[in-house]
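Q: There's a structure below that I have some questions on.
The values are calculated or read from the model by the stated rules, or taken from the named source; none is laboratory data. Nothing here was measured: the structure is a model prediction, and the numbers come from that model. Quick reminder, even Gly has a Cβ in these numbers, built from the backbone with ideal geometry, and neighbours come from all protein chains shown. Ligands, DNA and RNA are stripped out before the accessible areas are found, and what is left, the full protein with its side chains, is counted by its heavy atoms. Shrake-Rupley method; radii C 1.70, N 1.55, O 1.52, S 1.80 Å.
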Amino acid sequence: MSLNPTIDPIQRPPAPGIVTLRPATPADLPTLRRWDLDPAVRSSLIDADWGWETELHRHPEWRDQLIAEVDGQPIGFVQIIDPEREETQYWGCVDAGHRAIDIWIGDPGARGRGYGTQMMERAIERCFADLSVHTILLDPLADNTRAHRFYERLGFECVAKRDFDGQRCCVYRLQRERTPAAN
Ligand SMILES: CC(C)(COP(=O)(O)OP(=O)(O)OC[C@H]1O[C@@H](n2cnc3c(N)ncnc32)[C@H](O)[C@@H]1OP(=O)(O)O)[C@@H](O)C(=O)NCCC(=O)NCCS
């Protein structure tokens, strides 16, 4: 996959750096709390309380919590879960072979520059590196139309509308066979 070719380089300078993903640690707490206050992040989340104080110390096998960095600077967060094994069964009954991703860029100045595309490319590669994974799921809020466009450009398709915790969401899906880079 290549970076989003539709980004206007005059309106938004293209991303000057390469995004890497690393595991989140308790030292990321202040950064994550600061990002939680950003209006675009808050309004994109179903539940704004991610319980960082507890969760950053836990490493269940069904979850990766990752910090995206550019040149050693944190810019965003990615969570990858196995919805079949996730404790709260948020996704309901899901067969083996799925992953679900949550993503946000906490610094408004880092948005719209292609970093999110790089973050998703890394996350998708990570999911499909496990050969038993056939489908990646996303659940953007139904009114987050910019995120919908972003996911569609990455090859995801909206397959259902559904309420999660009382909030209307679109269920997006990417299947391995539709992702040449994963095969
Ligand atoms: C969604 C998000 C991860 C995309 O990352 P990004 O680096 O901004 O995206 P890219 O630069 O690679 O691609 C640009 C596209 O991202 C999407 N986008 C979504 N929210 C955006 C925002 N607040 N600012 C800029 N682009 C955004 C748009 O589709 C945009 O293209 P457009 O100009 O045609 O609308 C990021 O914008 C973000 O964190 N937004 C706020 C939180 C959020 O909505 N998270 C998704 C929850 S489902």
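Q: Would you tally the residues in segment 92-112 being touching a Pro at 6+ places or on another chain (Cβ under 6 Å) and modelled with pLDDT of 95 or more?
A: 2
Q: Sticking with this structure for a sec: When the residues of segment 134-149 are narrowed to those that are within 9 Å of the ligand (Cβ to nearest atom) and without any contact (Cβ under 8 Å) to a residue 60 or more places away in the chain, which ends up most open to solvent (accessible area, probe 1.4 Å)?
A: ARG146
Q: Would you call VAL159 exposed (fewer than 14 other Cβ atoms within 10 Å of the Cβ), away from the ligand (no atom under 13 Å from the Cβ) and at pLDDT 95 or above?
A: yes
Q: List the number of the failed condition for GLU84; all other conditions in (1) open to solvent by 20 Å² or more (accessible area, probe 1.4 Å); (2) touching a Gly at 6+ places or on another chain (Cβ under 9 Å); (3) within 12 Å of the ligand (Cβ to nearest atom); (4) modelled with pLDDT of 95 or more hold.
A: Among (1) open to solvent by 20 Å² or more (accessible area, probe 1.4 Å); (2) touching a Gly at 6+ places or on another chain (Cβ under 9 Å); (3) within 12 Å of the ligand (Cβ to nearest atom); (4) modelled with pLDDT of 95 or more, the lone unmet condition for GLU84 is (3).
Q: Being crowded, with 16+ Cβ neighbours inside 10 Å and of a type outside the set (A, V, I, L, M, F, W, C) is the filter here, so list the residues in segment 28-62 that pass it.
A: Answer for segment 28-62, where residues must be crowded, with 16+ Cβ neighbours inside 10 Å and of a type outside the set (A, V, I, L, M, F, W, C): ASP28, THR31, ASP36, ASP38, SER44, GLU55.
Q: Residues of segment 87-133 being on the phi > 0 side of the Ramachandran plot and more than 16 Å from the ligand (Cβ to nearest atom), which ones?
A: GLN89, GLY92, GLY97
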